[in-house]
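Here is the structure we will look at, set down as C-alpha cells.
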Amino acid sequence: MAILVLSAPLPAAPFVAALRAAAPEVQVWTDADAPPPEAVEAILAWRLKPGQLSAYPNLRLLCSTGAGVEKLLSVPDLPPGLPVSRVVDPMQARTMAQYVIACALHFSRDLPLYAAQQARAEWRRHPVRPPERCRVGILGQGAVAQAVAAAFVPLGYSVTLWGRHAKQFAGLHSLAGAAALAQLLACSDLLVCTLPLTEATQGLLNRERLAQLPRGAVLINVGRGGHLVEDDLQDLLDEGHLAGAALDVFEREPLPAESWLWRHPKVLATPHIAGEAREAVVAEQCLEALRAVRAGRPPEWAVDREAGY
Ligand code: GLV
C-alpha cells in the first residue's frame, strides 16, 4: 500500500508518523518526497489544489484529515467514481461538545455582562434564566450533534436535533426536513450549527432564517463559515434581535484582522479550535479505508458524494 499525505495547512509529519506507527509495511510519502505518481494509491488531504489529483493515474481512495470534506469534494478533477472517506473521531465530537457548552454558558449565564460589571467594580445581581427555559436547537444529526446534545441534557436544557431525514434519538426531540426548520428556529433560544457544508446548507443561516429565532437568541457555529451569511448576522445583532454569537468557523480562515467579527461586543470569535480529529485516528481510519477499497468494499466512513458528506 502507498499513501501520499497532503495535509497542508496542517503539518504532514504527525500524520506520516501515525501512519508509519500503525502500519510500518505501508509506504508513506509527502509531496516533498516527490513519489512516483503511478505508485500512489491513496491521498490523505485536508484540501487540494485544482488539477492536483489528475497527476495520480492509479489513485483508488481519497481520505480526509477531518470530519468535513467540502474542500475535497469541490475540486474539479475529482474522478467520478473515486471513493472519498472522512474521519469520525469520538474524541473530536466530545471536545466540540465541550466548546459548545462553554459558549452556551458564557452567554446564558451572562458572563459578558458580569465581566463588564467587574471592570467597574460593580456588585449587581441579575436573575438567572433556568436551563429548562433555554431551548437548544441543534442543526445536524451526526456524531458531533449527538455529542453536543448529550452534553446539554444533564445540565437541564431541552434539546431538539434537526436534520434532512427523520431519525430517532433516545430521550431527545428531533425534527426533519426543510419544512420543519422554521419550527426548530422558532423554538431555539440557543441555536448550534454542526452541519456539513454542502450545496444545500451553504448560506443556510441568512437573515430570513436567523430572524425566525426568538428575540434574544444566541447562535453557536461549529459547522463551517459558509453556513452563515456574516453580514446578515451583524444586522440582527445590531438590531438587538440576537443577543450573541459564538463562532469558531468563518467564511475566510484565518479570519482577516480587519473583520468586524473580531471586535463586535456580542461576538465570541475563536480560530477553528473547537475540535480536531486525532492523527492516530485519522491514520487508522485511512489505512482501514484503503484495506476496504483494496478488498472491493466501501470504506466504513465513505462519503456520499451526492449528498456531500
Ligand atoms: C474540522 O473542522 C473537521 O472538519 O474535522
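Largest GNM mean-square fluctuation among P80, P35, P11, using the chain with Cα springs under 10 Å: P80. The GNM of the chain, with springs linking C-alpha atoms under 10 angstrom apart, assigns the highest mean-square fluctuation among A34, A121, A182 to A121. For the chain, a crude dipole built from +1 on the beta carbon of Lys and Arg and -1 on the beta carbon of Asp and Glu, taken about the Cα centre, is about 860 debye to the nearest 20. Candidate cross-link partners of K71 among the lysines, defined by an alpha-carbon separation under 29 Å and a same-chain spacing of 8 or more, comprise K49, K167. Cβ screening of the chain for cysteine pairs under 4.7 Å finds these without a partner: C103, C134, C187, C193.
How much of the pair distance distribution for segment 90-269 lies past 22 Å, counting alpha-carbon pairs only, in percent? More than 22 Å apart: 43 percent of the Cα pairs in segment 90-269.
Convex hull volume of the C-alpha atoms in segment 7-103, normalised per residue: 125 Å³.
Shape descriptor for the chain: Rg over Rh equals 1.02 (Cα atoms; Rh from the Kirkwood inverse mean 1/r).
In this rough spin-label picture, where each label sits 7 Å from Cα along the Cβ direction, the M1-R207 distance is 5.1 nm. Using only alpha-carbon positions in segment 129-175, the gyration tensor eigenvalues give semi-axes of 18, 10, 9 Å once each is multiplied by 5 and square-rooted (largest first). Under a model in which nothing but the beta-carbon of Lys, Arg (+1) and Asp, Glu (-1) is charged, segment 90-269 shows a dipole of about 660 debye around its Cα centre. Label point of Y114 set 7 angstrom out along Cα-Cβ; within segment 149-189, amide nitrogens under 19 Å from it belong to 155-157. Each Lys or Arg adds one and each Asp or Glu takes one away; over the other residues whose Cβ falls under 11 Å from the Cβ of I43, this sums to -1.
Note on S74 and R297: their simple-model spin labels are 3.3 nm apart, each label 7 Å out from Cα toward Cβ.
Once C-alpha pairs closer than 8 Å and six or more residues apart are averaged by separation and normalised to the residue number of segment 90-269, the relative contact order reads 17 percent. To the nearest 10 Å², what's T65's accessible area with a 1.4 Å probe? Its heavy atoms expose roughly 10 Å² to the probe. For T30, the amide hydrogen comes within under 5 Å of the amide hydrogens of V5, counting only partners 5 or more places away or on other chains and with H modelled in the peptide plane. Within the chain, the selection of entire DSSP H helices by a Cα span of 20 Å or greater along the long axis and an average Kyte-Doolittle value of at least -1.0 returns 90-108, 279-294. Database remark: amide H of S174 closer than 5 angstrom to the amide H of L161 (H placed geometrically; neighbours at sequence offset of 5 or more, or on other chains; Pro and chain starts carry no H). When you restrict to C-alpha pairs under 8 Å that are six or more residues apart and normalise by the size of the chain, the relative contact order lands at 19 percent. Amide H contacts for G216 (H built 1.01 Å from N in the peptide plane; partners 5 or more residues away or on another chain; cut-off under 5 Å): L242, A243. Here the accessible area is traced with a 1.4 Å probe on the protein chains. For segment 217-266, carbon and sulfur cover 51 percent of it.
The values are calculated or read from the model by the stated rules, or taken from the named source; none is laboratory data. Model, not experiment: these values are computed from the prediction. Because the Cβ atoms are built from the backbone with ideal geometry, glycine has one as well, and the counts that use them run over all protein chains shown. Ligands, DNA and RNA are stripped out before the accessible areas are found, and what is left, the full protein with its side chains, is counted by its heavy atoms. Shrake-Rupley method; radii C 1.70, N 1.55, O 1.52, S 1.80 Å.
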